[in-house]
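The values are calculated or read from the model by the stated rules, or taken from the named source; none is laboratory data. Since we're looking at a predicted model, the values are computed, not measured. Heads up, the Cβs are rebuilt from the backbone with ideal geometry, glycines too, and the neighbour counts pull from every protein chain shown.
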Amino acid sequence: MTINEDYLLRIEGITKKYGVNTVLDDVSFDIGKGEVVGLLGDNGAGKSTLVKIMSGVVAATAGDFSWDGTKHPHVNRALTESLGIETIFQDSALVPQMSISRNIFMGREITNRLGLMKIKEMDAITSEILDSVVTIEGIKSSKQLVSSLSGGQAQAVAIARAVHFKRSLLILDEPTSALAVRATEALLDYLRALKADGISSVLVTHNLHHAFEVCDRHIVMNHGRKILDVRREDTSVEELTAAVVEGELGIRRYRENATAA
Amino acid sequence: MSPQETGTGQHVLTAPLETGAITKVRRLADNQPVTTAEKFKDYIRYTRGRGALEIGAILAVVIIGFVIASIASPAFPFLSANNLSGVISQSIPVLAILAIGVGILMIAGEFDLSLGASIGFSSITFIHVSNSFGWGWGVLAAIAAATGIALINGLIVVITGIPSFIATLGMAFFWTGASIFINGTAPALLRKGKDEALVTLFAGDFGFFRSQLVWMIVVGVVAWFFLHRHKLGNHIFAVGGNASAARAISINPFKVKLLSYALFGAMVGLASILISVRTSSMQPGSTEDYTLMAIAAAVVGGTSLLGGRGTIIGMIVGAALIRIIENGLILGKAPGFYIQLFVGLIIVVAAIFNKLMEGKAS
């Protein structure tokens with residue numbers, strides 16, 4: 001495991017049980033400042049649960065959560081929001097019956113002292129984010145309902161929201177699943193740019209080529225356990241593929257083959 | 001293929017355009033309406049399919065029809081002061097206030113079928129407390145009773161996760177029983193607690209309209225600002241539309257649902273007072289009809305049965321439409337069961353219409 005004293009987020013011994021099902025079993029890792037970490041694994045490996053725990057949406061059954069050297073015993077969304085963590089969820093976490101602008105500012109409305117929303121200001125900022133942060137075609141107005149958007153457009157709204165509010169760590173759970181090739185390229189470029197600003201990101205993806213292209217480090221999950229945690233220069237797409245598809249056995253076979261060769 | 005730097009130093013996520021491609025990037029900012037006509041078109045576009053617009057047009061047609069009939073024939077006295085003040089401005093506001101309460105709750109994704117029973121209980125509370133301690137205390141007691149009942153319902157639904165349909169159906173029987181338990185089956189009469197100030201405040205006659213209409217307008221304006229302009233109103237839409245998305249953005253669905261139940265209760269309390277002062281009496285078990293009438297008014301006004309969608313104006317227009325057609329049937333001397341036929345039909349038609357319109361919203 002990489003020892004990184006300059007870490008931003010450290011999780012230790014994270015375990016999550018749903019009844020008798022152990023979804024996560026003693027998972028530990030660090031995320032460094034400005035580091036781009038790929039979180040990989042097959043379906044059911046526990047990636048999405050791990051994302052929800054890191055985002056503070058789901059509480060772990062056991063384990064520690066430290067941020068910048070401070071241990072936080074109670075992790076909830078209010079805490080992670082105050083730390084500057086933003087997540088793009090796989091199901092995009094949007095309300096279809098609400099407008100784009102109201103979705104972006106949902107729970108974080110710009111208001112006056114009475115709590116009344118400044119609708120014009122929120123609409124203007126929404127147009128600005130959608131114009132400048134993600135380029136996606138076909139969105140006509142920030143007043144449009146999310147239910148009238150295509151899958152890719154809705155995903156762009158979810159990305160725009162997270163990008164607008166993130167301050168320290170951006171977690172992306174399968175962000176490219178509904179995006180067109182060009183938008184995906186742009187998103188991956190954006191993660192590199194964030195790194196230059198010292199903002200960390202965690203990229204959860206099925207696409208190993210995307211992950212390998214952009215991530216500094218790769219963590220592979222298998223049946224709720226971490227089976228590989230390796231820097232980019234110490235691995236290859238082939239090893240990651242073997243780990244994702246065949247688990248620990250795959251890693252061993254790949255390394256034996258590599259040594260034999 | 002590298003992210004561009006903007007003047008603010010903020011990295012911008014922009015896909016590079018293929019070289020040579022003749023593409024004019026149309027920005028959202030370019031789509032903003034400028035002229036009044038464009039703004040009006042924009043407004044219509046984003047009001048369509050959200051309830052109030054379509055039903056408002058239907059109401060306008062019905063009213064114009066009734067007005068013409070009234071002018072043409074003295075046998076249809078729709079425009080008489082007696083009808084406007086005595087019937088319409090008493091019957092619409094109570095239903096509209098109840099529809100606003102039910103509608104807000106429906107937007108949050110919940111129901112309360114104990115509405116009618118709660119009106120009975122809080123009216124009896126109002127009458128007894130007013131007779132014993134004066135109507136000021138009676139008003140407070142009625143609102144407290146109705147809000148308390150709604151909050152108990154809300155807590156049962158939120159804590160146990162039982163569908164609110166079933167939980168509040170059970171509670172409807174409970175509170176009807178409780179009304180008979182504290183009052184007996186004979187009607188409770190508002191006698192000692194009644195004075196001129198109370199009647200002026202809650203049932204005053206001002207020629208062509210009554211105090212109830214003023215209450216409806218005040219409640220409507222406050223509820224509109226709360227639901228459509230306040231951040232808590234936004235949270236109600238979020239929770240009713242997609243509770244797990246709201247939770248992921250640190251909105252607590254339980255708190256929002258309890259708040260909606262409390263508001264619903266306050267509306268029921270106010271409606272109970274308006275009903276009791278007008279009739280000066282209340283018999284336990286006589287108010288059950290209000291439950292479905294209020295839900296019907298909200299649905300007719302475009303409130304979604306599944307949560308997340310609805311407008312205050314729609315709820316008021318829905319209540320007005322039901323009451324005005326009811327009034328027209330009575331003025332036209334239609335037999336009483338026509339009204340039941342009509343209300344039953346309009347609920348189903350409105351629900352189907354809502355479902356069709358939901359797809360049209362942009």
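When B:LEU155 is tested against the conditions (1) aliphatic (A, V, I, L, M); (2) surrounded by 16 or more Cβ atoms within 10 Å (Cβ to Cβ); (3) touching a Leu at 6+ places or on another chain (Cβ under 9 Å); (4) in a helix (DSSP H, G or I), the lone failure is (2).
Contact map, segment B:128-143: first residue assigned to a helix (DSSP H, G or I), second residue at pLDDT below 95 and of a type in the set (Lys, Arg), Cβ cut-off under 6 Å, separation 6 or more or different chains; pairs are B:ASN131/B:LYS192. The one condition from (1) at pLDDT below 85; (2) more than 7 Å from chain B (Cβ to nearest Cβ) that A:ALA156 does not meet is (1).
Would you point out the residue of segment A:94-150, among those that are in a helix (DSSP H, G or I) and of a type in the set (S, T, N, Q), that is farthest from the other protein chains (Cβ to nearest Cβ)? Reasoning before the result, please.
Filtering segment A:94-150 for residues in a helix (DSSP H, G or I) gives A:100-104, A:119-132, A:146-148.
Then keep just the ones that are of a type in the set (S, T, N, Q); that gives A:101, A:103, A:126-127, A:132, A:147-148.
On the way: A:SER101: 10, A:ASN103: 8, A:THR126: 8, A:SER127: 4, A:SER132: 5, A:SER147: 7, A:SER148: 5 Å.
Going through the qualifying residues, I end up with A:SER101.
Within segment B:336-347, residues that are more than 14 Å from B:MET293 (Cβ to Cβ) have Cβ atoms under 8 Å from residues that are in a helix (DSSP H, G or I) in these pairs: B:TYR338/B:LEU329, counting only partners at least 6 apart in sequence or on another chain. Checked against the criterion of being over 30 Å from A:ILE171 (Cβ atoms) and within 14 Å of chain A (Cβ to nearest Cβ), the candidates B:PHE173, B:PHE181, B:PHE225 yield just one match: B:PHE225.
Of all residues in segment B:173-197, those satisfying the criterion of being surrounded by fewer than 21 Cβ atoms within 10 Å (Cβ to Cβ) and part of a helix (DSSP H, G or I) are B:PHE173, B:PHE174, B:GLY177, B:ALA178, B:ILE180, B:PHE181, B:ILE182, B:ASN183, B:GLU196, B:ALA197.
Taking the condition of a type outside the set (Lys, Arg) and farther than 25 Å from A:LYS226 by Cβ, does A:ALA162 pass? Steps first, answer last, please.
Working: of a type outside the set (Lys, Arg): yes; farther than 25 Å from A:LYS226 by Cβ: no.
Answer is no for this residue.
Within the set B:ILE63, B:ILE55, B:ILE68, the sole residue that is more than 11 Å from chain A (Cβ to nearest Cβ), over 28 Å from the mean Cα position of the chain (by Cα) and either modelled with pLDDT under 50 or surrounded by 12 or more Cβ atoms within 10 Å (Cβ to Cβ) (or both) turns out to be B:ILE68.
Scan A:ARG192, A:ARG167 and give me the residue that is out of contact with any His (no Cβ under 8 Å at 6 or more places or on another chain), over 22 Å from A:PHE89 (Cβ atoms) and surrounded by fewer than 23 Cβ atoms within 10 Å (Cβ to Cβ).
Details: A:ARG167 fails: over 22 Å from A:PHE89 (Cβ atoms).
Selected residue: A:ARG192, the only one of A:ARG192, A:ARG167 that is out of contact with any His (no Cβ under 8 Å at 6 or more places or on another chain), over 22 Å from A:PHE89 (Cβ atoms) and surrounded by fewer than 23 Cβ atoms within 10 Å (Cβ to Cβ).
Residue check: A:GLY69 meets all listed conditions (1) surrounded by fewer than 23 Cβ atoms within 10 Å (Cβ to Cβ); (2) facing chain B (nearest Cβ under 10 Å); (3) on the phi > 0 side of the Ramachandran plot but one, namely (2).
Just so you know, in segment A:32-66 the residues that are more than 15 Å from the chain's Cα centre (by Cα) and among the aliphatic types (A, V, I, L, M) include one that is surrounded by the most Cβ atoms within 10 Å (Cβ to Cβ), and it is A:ALA45.
Given the condition in a helix (DSSP H, G or I), closer than 23 Å to A:LEU24 by Cβ and touching a helix residue (DSSP H, G or I) at 6+ places or on another chain (Cβ under 8 Å), answer yes or no: does some residue in segment A:160-177 qualify? No, because not a single residue in segment A:160-177 is in a helix (DSSP H, G or I), closer than 23 Å to A:LEU24 by Cβ and touching a helix residue (DSSP H, G or I) at 6+ places or on another chain (Cβ under 8 Å).
Taking the numbered list (1) in contact with a Leu (Cβ under 7 Å, 6 or more places away or on another chain); (2) surrounded by fewer than 24 Cβ atoms within 10 Å (Cβ to Cβ); (3) among the polar types (S, T, N, Q) in turn, B:SER250 passes all entries but (1).
Tell me the residue from B:ILE316, B:ILE312, B:ILE322 that is touching a His at 6+ places or on another chain (Cβ under 9 Å), touching a residue at least 24 places away in the same chain (Cβ under 8 Å), surrounded by 24 or more Cβ atoms within 10 Å (Cβ to Cβ) and of a type outside the set (Lys, Arg), please.
Every option except B:ILE312 fails the conditions.
Filter segment B:277-286 down to the residues that are surrounded by fewer than 20 Cβ atoms within 10 Å (Cβ to Cβ) and assigned to a helix (DSSP H, G or I) and list them by number. Lay out the reasoning, then the answer.
Taking segment B:277-286 and keeping what is surrounded by fewer than 20 Cβ atoms within 10 Å (Cβ to Cβ), we get B:278-281, B:283, B:285-286.
B:ARG278, B:THR279, listed by residue number.
For segment A:97-140, give me each residue that is touching a residue at least 40 places away in the same chain (Cβ under 8 Å), surrounded by 19 or more Cβ atoms within 10 Å (Cβ to Cβ) and not hydrophobic (A, V, I, L, M, F, W, C). The answer is A:GLN97, A:SER99, A:SER101, A:ASN103, A:THR135. For segment B:252-285, residues that are without any contact (Cβ under 8 Å) to a residue 24 or more places away in the chain and more than 30 Å from A:GLY56 (Cα to Cα) total 1. Inclusion of B:GLY240 among residues that are within 14 Å of another protein chain (Cβ to nearest Cβ), more than 20 Å from B:SER91 (Cα to Cα), under 17 Å from the mean Cα position of the chain (by Cα) and in a helix (DSSP H, G or I) is warranted.
Can you tell which of B:SER286, B:SER304 is within 21 Å of the chain's Cα centre (by Cα) and hydroxyl-bearing (Ser, Thr, Tyr)?
Just one listed residue meets the conditions, B:SER304.
When you look at A:GLN90, is it surrounded by 15 or more Cβ atoms within 10 Å (Cβ to Cβ), more than 8 Å from chain B (Cβ to nearest Cβ) and assigned to a loop (DSSP other than H, G, I, E, B), yes or no? Against the criterion (surrounded by 15 or more Cβ atoms within 10 Å (Cβ to Cβ), more than 8 Å from chain B (Cβ to nearest Cβ) and assigned to a loop (DSSP other than H, G, I, E, B)), A:GLN90 qualifies. For segment B:312-358, the set of residues classified as under 21 Å from B:LEU79 (Cβ atoms) and in a loop (DSSP other than H, G, I, E, B) consists of B:GLY332, B:LYS333, B:ALA334, listed by residue number.
Looking only at residues that are within 14 Å of another protein chain (Cβ to nearest Cβ) and assigned to a helix (DSSP H, G or I) in segment B:249-276, which one is nearest to A:ILE88 (Cα to Cα)?
Just the residues of segment B:249-276 that are within 14 Å of another protein chain (Cβ to nearest Cβ), to begin with: B:249-256, B:259.
Keeping just the survivors that are assigned to a helix (DSSP H, G or I) gives B:253-256, B:259.
Details: B:PRO253: 20, B:PHE254: 23, B:LYS255: 24, B:VAL256: 24, B:LEU259: 28 Å.
Only one residue tops the list, namely B:PRO253.
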